[in-house]
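Scroll down for the structure; my scribbles are underneath it.
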Amino acid sequence: MARIRVLVVDDHRIFAESLAAALAAEPDVDVSAAGSGPAALRALERAAAEGRGYDVLLVDAELGARTGGELPAVPAPRPEEPAAVDGIALVAGVRAARPGVRSVVLAEKDDPRAAARALQAGASGWVAKDCSLQRLLSVIRGVLRDETHLPPALLTGVLRELTTARKHRSESERLVESLTPREREVLRCMVAGLGRKAVAERLFLSPHTVRTHMQNVLGKLGVHSTLAAVALARRAGVGPADPGTGPLGRDVVERGGQLAQ
C-alpha cells in the first residue's frame, strides 16, 4: 500500500496534535506536526535529505498570527528562509522549491480573498477546520491526483477575486509597457530595493538623472510612492534587476565615460 506522508503545520498545538493523531489512525497515512513556519521548513528539509519527502502540507491559514506574524501582500520567501512564518508565504515558498508537494490550507472561516491568494500562491485546496475527517482525507487524496478543492460556497467569491486580480495585472502590465527601456530598468532597480544613489552607480547615471527617471516612472504608473510603484511592478510580473548586470540584464562596461554593452 502506497503511504501518504502528511505534515500538519499549525501554531495551535492542541489542534495540530489532535489532527495529526486522527490522520495517523488511517492505514495509508504517515503524519507529523510542526508548530511554525520555520519548524515546517526544517521538517521538509530533513525529510528530503532522508529520501522520504512529504506529499501533502496541511497549513493553517492564520499561521503566525498568534505570534504577531503578518500576511505580506506579495508572498515571496523561499522555503530555506526561516523568516517565512505565515501560511500563505509558506505555501508560496514550498511551491517554488518543492513543486511535488501539495499544500492544503486549513481555515477557521470562509474568506474568498484569502482563499484566492492561497490558490495564487500555489495551494491545491482550501478546507474548513471544522470539516469532517473523511472530507479532509478526500481532499488530501484528491490533491495528489492534481485536483483543486474549494468549498462550493466560496467558489463564486474566489472566481471574482481571481478575475479582479487578473484585471489588475493586465492594467499594471499596460502601465509598465508605457515606460521607456531606461525607465523600466530604473523600475527593476526600485523593485530590487536600490536607493537613488545605488541606482545611479548601477546604471552609470547622475543622481539627478535617476531622480528624473524615478519621477517619470511614478507619473506614468500613476502612483505617488516608490512602495506603490514596486507593488504595481510586481503585479505586472516585473522582477528585480539582476545583481552585477546593467540595463536589460546584460553586463555593463564603462568605456571612456560611455555606457557600452
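Residue-by-condition table, conditions (1) at pLDDT below 50; (2) closer than 13 Å to A121 by Cβ:
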position	(1), (2)
E50	no, no
Y54	no, no
L58	no, no
R66	no, no
G69	yes, no
V74	yes, yes
P79	yes, yes
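Out of curiosity, is T163 without any contact (Cβ under 8 Å) to a residue 24 or more places away in the chain and not hydrophobic (A, V, I, L, M, F, W, C)?
On the way: without any contact (Cβ under 8 Å) to a residue 24 or more places away in the chain: yes; not hydrophobic (A, V, I, L, M, F, W, C): yes.
So T163 passes the test.
If R42 satisfies every condition in (1) farther than 17 Å from L63 by Cβ; (2) of a type in the set (K, R); (3) outside any strand (DSSP E or B) but one, which is the exception?
(1)
So which residues in segment 16-51 are open to solvent by 20 Å² or more (accessible area, probe 1.4 Å) and touching a Lys or Arg at 6+ places or on another chain (Cβ under 7 Å)?
Those that are open to solvent by 20 Å² or more (accessible area, probe 1.4 Å) and touching a Lys or Arg at 6+ places or on another chain (Cβ under 7 Å): D28, D30, G35.
Do any helices (runs of 4 or more DSSP H) lying entirely in segment 105-185 carry at least 2 residues that are under 19 Å from the mean Cα position of the chain (by Cα) and among the β-branched types (V, I, T), and which ones are they?
On the way: elements: 112-121, 133-143, 152-177.
Qualifying helices (runs of 4 or more DSSP H): 152-177.
Can you go through L159, L137, L144, L154 and tell me which one is crowded, with 19+ Cβ neighbours inside 10 Å and among the aliphatic types (A, V, I, L, M)?
Details: L159 fails: crowded, with 19+ Cβ neighbours inside 10 Å; L137 fails: crowded, with 19+ Cβ neighbours inside 10 Å; L144 fails: crowded, with 19+ Cβ neighbours inside 10 Å.
Answer to the selection: L154.
Conditions: (1) over 25 Å from C131 (Cα atoms); (2) touching a Gly at 6+ places or on another chain (Cβ under 8 Å); (3) among the small types (G, A, S). A48 meets all but one. Number of the miss?
All conditions pass for A48, except number (2).
Under the condition of being part of a helix (DSSP H, G or I), over 13 Å from A192 (Cβ atoms) and modelled with pLDDT under 50, which residue from segment 224-261 is most open to solvent (accessible area, probe 1.4 Å)?
Filtering segment 224-261 for residues that are part of a helix (DSSP H, G or I), over 13 Å from A192 (Cβ atoms) and modelled with pLDDT under 50, the one most open to solvent (accessible area, probe 1.4 Å) comes out as L248.
Among residues belonging to segment 162-178 that are within 22 Å of D110 (Cα to Cα) and surrounded by fewer than 12 Cβ atoms within 10 Å (Cβ to Cβ), point out the one that is modelled with the highest pLDDT. So that I can check it myself, show each step before the final result.
First, pick out the residues of segment 162-178 that are within 22 Å of D110 (Cα to Cα): 162-166.
So of that shortlist, the ones also surrounded by fewer than 12 Cβ atoms within 10 Å (Cβ to Cβ) come out as 163, 166.
On the way: T163: 74, R166: 67.
Taking the candidates together, the pick is T163.
The values are calculated or read from the model by the stated rules, or taken from the named source; none is laboratory data. Only a predicted model underlies this, so the values are computations on that prediction, with no experimental measurement involved. Neighbour counts are summed over all protein chains in view; Cβ atoms, including those assigned to glycine, are modelled from backbone coordinates with ideal geometry. For the accessible areas, the whole protein counts, side chains as well, though only heavy atoms, and no ligand, DNA or RNA atoms are used. Shrake-Rupley method; radii C 1.70, N 1.55, O 1.52, S 1.80 Å.
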